[in-house]
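Enquirer: Structure in structure tokens, see below.
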Amino acid sequence: MFRYAVVGSGSQANAYIFESQGASVLVDNGFSCRELLARLDRLGFDPGRIRSLLLTHLHSDHFRGVLPLARRLGIPVVCHSGIARRLAQEAPAARLIPVSPGAWQSGEGFEFYPFLTSHDSPHSMGYALRFSRRTFSLITDTGRLNPEMRALARQSEVIFLEANYDPELLEGGDYPRALKRRIASETGHLSNGEAVDFLNSLGDCPLRRVYFCHLSENNNDPQRLEGVINERLTLSPAVYICCRGGMIAGEDFLEGDKNEQPHGDFSAGF
């Protein structure tokens, strides 16, 4: 059996889980241990099956609960070698697996491909994950997209893609000017339009589902994103909007599944 879920996504905390053949891998944990475990329980995942935790970067909404959870479950943290060097000094008891981006590597029951993202956190990475014949791409916390991300996305049946901000809401909001520039910069985040344009650039590919993730609570709105999707998205995967810390459970799907709906299946989590 194969399952996955967006455990939480947004400005406050982010985490994703994938389970195959009785073993799970978690990507990031911006929650406390208590909250993360409560969410896994509600989603029907056994934390005792988690074998490793992949870390994208050190911003608190992705990293806050990583080391406490790893200690509690006795699991290793996979991270960029530069982050591993820092954590080895700050948390010498942590079990760390340093990796370098740019090549497929083996985990327990899966393969993963770490790739660099353009973000204002040193050694920030995203991941593609492969379980048997299924490939997933997690592309968030990046101010710009590149050909490597596009190549991985073109191989993927499911993409978790950042749509962080609406340009009008960002510009008209009360954030300081410097913070607005940071969010919209090459080392910031992706706008709704940039995310949709990226999908349109993929052309013919096996894409079945897209989860729009990491929506800003202050600078975005699910209805605005839905409008951009309906107006501009030329591909026709099933689409889900993950917002305000909500959880969305993804189900296993079979080749030729007739239950998938073209973009229009929107969820704000629960």
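Enquirer: Being within 22 Å of GLN105 (Cβ to Cβ) and of a type in the set (Phe, Trp, Tyr), is that true of even one residue in the range 29-45?
Expert: Start the filter on the range 29-45 by keeping residues that are within 22 Å of GLN105 (Cβ to Cβ), which leaves 29.
Subsequent filtering for residues that are of a type in the set (Phe, Trp, Tyr) retains none.
No, there is no match, as no residue in the range 29-45 is within 22 Å of GLN105 (Cβ to Cβ) and of a type in the set (Phe, Trp, Tyr).
Enquirer: Only residues that are assigned to a helix (DSSP H, G or I) and among the hydrophobic types (A, V, I, L, M, F, W, C): list them for the range 68-79, please. I'd like the intermediate steps shown before the answer.
Expert: Taking the range 68-79 and keeping what is assigned to a helix (DSSP H, G or I), we get 68-73.
LEU69, ALA70, LEU73, listed by residue number.
Enquirer: Still on this structure: Checking GLN105 against (1) without any contact (Cβ under 8 Å) to a residue 12 or more places away in the chain; (2) within 30 Å of TYR165 (Cα to Cα), only one condition comes out false. Which one?
Expert: Result: GLN105 passes all but (2).
Enquirer: Does the range 176-192 include one or more residues that are open to solvent by 50 Å² or more (accessible area, probe 1.4 Å), assigned to a helix (DSSP H, G or I) and hydrophobic (A, V, I, L, M, F, W, C)? I'd like the intermediate steps shown before the answer.
Expert: If we filter the range 176-192 for residues that are open to solvent by 50 Å² or more (accessible area, probe 1.4 Å), which is where we start, we get 176-179, 181-182, 186-187.
So of that shortlist, the ones also assigned to a helix (DSSP H, G or I) come out as 177-179, 181-182.
Next, from what is left, pick out any that are hydrophobic (A, V, I, L, M, F, W, C): 178-179.
Yes.
Enquirer: Additional query: Starting from the range 171-187, keep only residues that are among the charged types (D, E, K, R), then list their pairs with residues that are open to solvent by less than 80 Å² (accessible area, probe 1.4 Å) whose Cβ atoms are within a distance under 7 Å, requiring at least 6 positions of separation or different chains.
Expert: That search, which allows pairs on different chains as well, returns GLU171/LYS180; LYS180/LEU170; ARG182/ASP120; ARG182/GLY188; GLU186/SER118; GLU186/GLY143.
Enquirer: Sticking with this one: Taking the condition touching a His at 6+ places or on another chain (Cβ under 9 Å), surrounded by 19 or more Cβ atoms within 10 Å (Cβ to Cβ) and not β-branched (Val, Ile, Thr), does HIS80 pass?
Expert: Details: touching a His at 6+ places or on another chain (Cβ under 9 Å): yes; surrounded by 19 or more Cβ atoms within 10 Å (Cβ to Cβ): yes; not β-branched (Val, Ile, Thr): yes.
Considered against the rule, which asks whether it is touching a His at 6+ places or on another chain (Cβ under 9 Å), surrounded by 19 or more Cβ atoms within 10 Å (Cβ to Cβ) and not β-branched (Val, Ile, Thr), HIS80 comes out as yes.
Yes/no per residue for (1) among the aromatic types (Phe, Trp, Tyr); (2) open to solvent by less than 50 Å² (accessible area, probe 1.4 Å):
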position	(1), (2)
LEU37	no, yes
GLY48	no, no
SER52	no, yes
PHE63	yes, yes
VAL66	no, yes
ALA84	no, yes
GLN89	no, no
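This table checks each residue for (1) within 16 Å of LEU73 (Cα to Cα); (2) open to solvent by 10 Å² or more (accessible area, probe 1.4 Å); (3) over 11 Å from the mean Cα position of the chain (by Cα); (4) among the small types (Gly, Ala, Ser).
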| residue | (1), (2), (3), (4) |
| --- | --- |
| TYR4 | no, no, yes, no |
| VAL7 | no, no, no, no |
| SER20 | no, yes, yes, yes |
| ASP28 | yes, no, no, no |
| PHE31 | yes, yes, yes, no |
| ASP41 | yes, yes, yes, no |
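Enquirer: Quick one: how many residues across the range 135-164 are charged (D, E, K, R), open to solvent by less than 10 Å² (accessible area, probe 1.4 Å) and under 16 Å from VAL239 (Cα atoms)? Talk me through it step by step, then tell me what you get.
Expert: Filtering the range 135-164 down to residues charged (D, E, K, R) leaves 141, 144, 148, 150, 154, 157, 162.
Imposing the further condition that a residue be open to solvent by less than 10 Å² (accessible area, probe 1.4 Å) reduces the set to 141, 162.
Those still in the list that are under 16 Å from VAL239 (Cα atoms) too: 162.
So the answer is 1.
Enquirer: What are the residues in the range 199-223 that are surrounded by fewer than 22 Cβ atoms within 10 Å (Cβ to Cβ), closer than 16 Å to SER236 by Cβ and under 18 Å from the mean Cα position of the chain (by Cα), if any?
Expert: LEU207, ARG208, ARG209
Enquirer: Look through SER132, SER124 and report the one residue that is open to solvent by less than 10 Å² (accessible area, probe 1.4 Å) and polar (S, T, N, Q). Let's see the steps before the verdict.
Expert: Details: SER132 fails: open to solvent by less than 10 Å² (accessible area, probe 1.4 Å).
The match here is SER124.
Enquirer: In this structure, is ARG3 basic (Lys, Arg), closer than 20 Å to LEU138 by Cβ and at pLDDT below 95? Talk me through it step by step, then tell me what you get.
Expert: Details: basic (Lys, Arg): yes; closer than 20 Å to LEU138 by Cβ: yes; at pLDDT below 95: yes.
In short, yes.
Enquirer: Just to verify a result, which residue in the range 43-57, among those that are under 20 Å from TYR113 (Cβ atoms) and not aliphatic (A, V, I, L, M), is farthest from the chain's Cα centre (by Cα)?
Expert: ARG51
Enquirer: At pLDDT 95 or above and within 22 Å of PRO237 (Cβ to Cβ) - does that describe any residue in the range 92-108?
Expert: No: the range 92-108 contains no residue that is at pLDDT 95 or above and within 22 Å of PRO237 (Cβ to Cβ).
Enquirer: Name every residue in the range 204-235 that is part of a strand (DSSP E or B), touching a residue at least 60 places away in the same chain (Cβ under 8 Å) and not hydrophobic (A, V, I, L, M, F, W, C), in order of residue number.
Expert: TYR211 - this is the single residue of the range 204-235 that is part of a strand (DSSP E or B), touching a residue at least 60 places away in the same chain (Cβ under 8 Å) and not hydrophobic (A, V, I, L, M, F, W, C).
Enquirer: Which residues, taken from the range 45-67, are assigned to a helix (DSSP H, G or I) and touching an Asp or Glu at 6+ places or on another chain (Cβ under 8 Å)? So that I can check it myself, show each step before the final result.
Expert: Applying the first criterion (assigned to a helix (DSSP H, G or I)) to the range 45-67 yields 47-49, 60-63, 66-67.
If the condition is that a residue be assigned to a helix (DSSP H, G or I) and touching an Asp or Glu at 6+ places or on another chain (Cβ under 8 Å), then ARG49, HIS62, PHE63, VAL66 are the ones that fit.
The values are calculated or read from the model by the stated rules, or taken from the named source; none is laboratory data. As the structure is a computational prediction, the values presented were derived from the model and not from experiment. As a convention, Cβ positions derive from the backbone with ideal geometry for all residues, glycine included, and neighbour counts pool all protein chains shown. Just so you know, the surface numbers come from the protein's heavy atoms only, side chains and all, with ligands and any DNA or RNA stripped out. Shrake-Rupley method; radii C 1.70, N 1.55, O 1.52, S 1.80 Å.
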